[in-house]
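Reading through the structure tokens given below for one structure.
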Amino acid sequence: MSKLLEVKDLAIYFDTYQAEVQAVRGVSFELDEKETLAIVGESGSGKSVTAQSLMRLTPMPPGKFAGGSILFNGEDLTKKSESQMESIRGKDISMIFQDPMTSLNPTMTIGKQIAEGLIKHQNMSKKEAHNRGVELLKLVGIPNPEKRINQYPHEYSGGMRQRAMIAIALACNPKVLIADEPTTALDVTIQAQILDLMRDLQQKTGTAIILITHDLGVVANAASRVAVMYGGKIVETGNVDEIFYNPKHPYTWGLLSSMPKINNGEEELQAIPGSPPDLADPPKGCPFVARCPYAMKLCENHMPEYTNLSDTQKTACWLLDERAPEVEPPESAIVGGAKVHG
Amino acid sequence: MAKYLLKRLVYIIVSLFFIITITFFLMQAAPGSPFASERALTPALEAQMNEAYGLNEPIHVQYFNYLFSAFQFDFGPSIKYVGQDVTEIIARSFPYSLILGVEAILIALSIGVLLGVIAAVKHNKFGDYTAMVIAVLGISVPSFIMATILQYIFAIKLQALPIARFESFAHTILPAVALATTPLAFIARLMRSSMLDVLHSDYIKTAKSKGLSERVVTYKHALRNAILPVVSYLGPLVVSILTGSFIIEKIFGIPGLGNEFVVSVTNRDYTVIMGTTVFFSVLLLVSILLVDLLYGLVDPRIKVTDKGASK
Ligand SMILES: Nc1ncnc2c1ncn2[C@@H]1O[C@H](COP(=O)(O)OP(=O)(O)O)[C@@H](O)[C@H]1O
Ligand SMILES: [Mg+2]
């Protein structure tokens, strides 16, 4: 299978006044053409930094690549010059951001904001770009696009702005679309609409999507594979069924327990007690050790290797070592019978 | 739009009414009289003068006479300079002030914005520190000291520019720069901080994610948004240039309106004081209206509607 994107041992640190923040500490994943990979984890686990570094949008300095590579079609993006990156951004890889209220330029019409990429990457004239803009707005489901295209962001609702952002991102038919919490800032009903739209468009255009979210509930219907990220590392990865029905990492169990389930409404949602580790002083061993109910002495000082559970599932946890005690996932983490995969 | 303008014009007229009224009664309350100078007039002569200028009338009559003619832009004759109308004095001196003021505003805006942008783009680098040192100096050195320093360096030492008076463009440079310094420094700081805010905003990241170059992102996306606070500062800028002109025109011996105003105050030349005050007020009120209209043009979120200026 052709790998579109291969991230290997990526590490990104920030130099701040107090300390060096190790936001991403050796992350590896792959993205195939036309697939959707979800990256899930609590806030502060390094998802956005990872995502933005794929487009080299992380501010450097204070940020810096501390190791690893990002291979896009076999070429290492960490080695590209700024101007080479400019011809990749928006054309091969695009991004939509969390907050549609602030991610559009308030003093520029939506039409102009869509047109910019088209003019830059596809050598369109202003007129052509405008017409294509109308088509794109229609494609993302904005009513009355001929009129709407000349409006400013403040004349759009939140959901419509996110649709416009998607139109901007998809304007040049990118190979990869990175969506960093695209629905987090939206109402629940709008969230579902935006996710549906992204799935529809993916079927039409064949764009591969990296969907970043802190909400496993979003993942079930939207992605085919999931990477669970915590403390700057990927602790478990697998396809959607594996992550939901056969999770092996206690952090994944925690995420599943804190997700509302459809069939057992009486059960309480269980948030994971404690808070994510301080990445300015990251734990030597497993990042989850401080909050893990099954933590052993070993976990504190030694980061577990990945255990391959299947061709697709990999988990980094000492519990999977043959010498470790047998541990069953808690009741609350079992997605038994719940129809999550739609 | 037309309705909005009409409404704003009514506001201007109402404000003017209050300004005229207040200045009139303040003048009345101020001690001294225009005829009280070193050489006292004989009582008979003073009575005659008061008669001639209508200063004998009861105060409310004087007030209504004044109000009536002020709205026709007739401020009567100067009390100190026989045979000169206040309107004439204003018409003669204002062009100097206008040229000087416009020049100073252009200098303050262009260089201030430029310094601010450089400082923000070169954040925490040499360019930033240089620009901010200039800005802090500019804000802390009063304009009259700046004027003297400029005269000393450029007119006396270097002999490059004329030291005073107003005869050619070269004469305008030093006073315009002196007048511009403080607002320039203020604009530079304002522009720097607003540019820094904007450069860190999400939509700049969006713009970059489209593959736009650093230059296009800075000038096409950031600048237009970052300049909004500077546009709102244009009103206070006009005020600052105007009050600054009182001193600067004096130092550089420029026969402008600011100078006339200062002279009229020392002379207690009632009619000239009130005439210039009203004229300055009109100038300010109209500039503020223009700034508001301009803001509506620059920021699409502010719509100049029939309901009035609204956010
Ligand atoms: N510009 C920056 N300077 C310093 N630290 C940063 C910067 N950007 C992100 N970080 C740190 O990196 C860590 C991961 O952040 P982020 O990727 O935004 O998390 P997530 O998207 O998973 O919520 C956080 O601890 C955050 O404080
Ligand atoms: Mg994030």
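Rounded to two decimals, what is the ratio between the C-alpha radius of gyration of region A:50-170 and 2.2 N^0.38 Å?
That works out to 1.17 for region A:50-170.
Taking the Cβ of B:ASP197 as the centre, find all other residues whose Cβ is under 14 Å away and add up their charges (Lys, Arg: +1; Asp, Glu: -1).
Counting the neighbours of B:ASP197, the net charge comes to +3.
In whole Å, how far is the Cα centre of region B:171-223 from that of region A:155-208?
32 Å
Which aspartates and glutamates does A:LYS91 reach when only Cα atoms under 14 Å apart count, and residues fewer than 8 places away in its own chain are ignored?
A:GLU116
How many percent of the alpha carbon pairs in region A:153-229 exceed a separation of 17 Å?
Here the tail beyond 17 Å accounts for 42 percent of pairs.
Hull surface divided by four, with the convex hull built on the Cα atoms of region B:60-139: how many nm²?
Averaged projected area of region B:60-139's Cα convex hull equals 8.9 nm².
Given 37 °C and 0.692 mPa s, how large is the Stokes-Einstein diffusion coefficient of region B:94-268 in µm²/s, with Rh as the Kirkwood radius over Cα pairs?
Reported coefficient: 189 µm²/s.
State whether chain B is rounded, prolate or oblate according to the following rule on the C-alpha gyration tensor (a ≥ b ≥ c being the square roots of its eigenvalues): a/c under 1.5 gives rounded; otherwise a/b larger than b/c gives prolate, and the remaining case gives oblate.
oblate
What is the log10 of I(q)/I(0) for region A:65-116, computed with the Debye formula using one identical point scatterer on each Cα and no solvent, at q = 0.12, 0.18 Å⁻¹?
At q = 0.12, 0.18 Å⁻¹ the computed log10 ratios are -0.42, -0.78.
Which whole number in µm²/s is D for the protein assembly as shown by Stokes-Einstein, with the Kirkwood Rh taken over Cα pairs at 25 °C and 0.890 mPa s?
D, rounded to a whole number, is 81 µm²/s.
With all pairs of different alpha carbon atoms counted, what Kirkwood hydrodynamic radius in Å does region B:213-311 show?
The answer is 16.2 Å.
Straight-line reach from A:LYS79: which lysines fall under 16 Å, measuring Cα to Cα and dropping same-chain residues less than 8 apart?
Cross-link targets: A:LYS8, A:LYS64.
Taking only Cα atoms, what is the 0 to 90° angle, nearest 10, from helix A:158-170's long axis to the longest principal axis of chain A?
The answer is roughly 80 degrees.
What list of ³J(HN,Hα) couplings, whole Hz, do you get for region A:72-80 from phi and the Karplus terms 6.51, -1.76, 1.60, once you set θ to phi - 60° and write x for glycine and proline?
Karplus-based 3J(HN,Hα) across region A:72-80 equals 10, 6, x, 9, 7, 5, 5, 9, 6 Hz.
Using only Cα atoms, locate the centre of region B:107-134 and the centre of region A:118-154, then give the distance between them in Å, rounded to an integer.
After rounding, the separation between the Cα centres reads 36 Å.
Within chain B, how many lysine pairs that are 8 or more places apart, or on different chains, have C-alpha atoms less than 24 Å apart?
Lysine pairs meeting both conditions in chain B amount to 21.
Could you calculate, for region A:102-154, the ratio of the Cα radius of gyration to the Kirkwood radius, expressed as Rg to Rh?
That ratio equals 0.95.
For the Cα atoms of chain A, what angle does the longest principal axis make with the long axis of helix A:188-205, in degrees from 0 to 90, nearest 10?
70 degrees
Mind listing the long-range amide H neighbours of A:VAL24? Cut-off is under 5 Å, sequence gap 5 or more, other chains count too, H placed in the peptide plane at 1.01 Å from N.
Under 5 Å from the amide H of A:VAL24: A:ILE12.
Short version: ³J(HN,Hα) in whole Hz for each residue of region B:243-249, in order, from phi by Karplus 6.51 cos²θ - 1.76 cosθ + 1.60 (θ = phi - 60°), x for Gly and Pro, what are they?
Residue by residue, region B:243-249 yields 5, x, 5, 4, 7, 4, 5 Hz.
Quick one: which residues, 5+ away or cross-chain, put their amide H under 5 Å from the amide H of A:GLY67? H built at 1.01 Å from N.
When sequence neighbours closer than 5 places are left aside, the close amide H contacts are A:ALA11.
What are the ³J(HN,Hα) couplings of region A:21-34, residue after residue, when phi is run through the Karplus curve with 6.51, -1.76, 1.60 and θ = phi - 60°? Round to Hz, x for glycine and proline.
These are the phi-based 3J(HN,Hα) values: 8, 8, 5, 10, 10, x, 9, 10, 7, 10, 9, 8, 4, 6 Hz.
Which value in nm describes the separation of the simple spin-label points at A:MET85 and A:ASP200, placed 7 Å from the Cα toward the beta carbon?
Spacing of the two 7 Å Cα→Cβ label points: 3.5 nm.
Where does region A:229-333 land on Rg(C-alpha)/(2.2 N^0.38 Å)?
In units of the 2.2 N^0.38 Å rule of thumb, it is 1.07.
Just from the alpha-carbon atoms, what are the Rg and Dmax of chain A in angstroms?
Radius of gyration, then largest Cα-Cα span, for chain A: 20.8, 68 Å.
Compute the separation of the alpha-carbon centres of region A:1-28 and region A:31-74 and state it in Å as a whole number.
If you average the Cα positions of each part, the centres end up 7 Å apart.
Every number in this text was worked out from the coordinates using simple rules, so none of it is lab data. Because the structure is predicted, anything quoted here is derived from the model rather than measured. For neighbour counting, all protein chains shown are included, and Cβ atoms are generated from backbone atoms with ideal geometry for every residue, glycine included.
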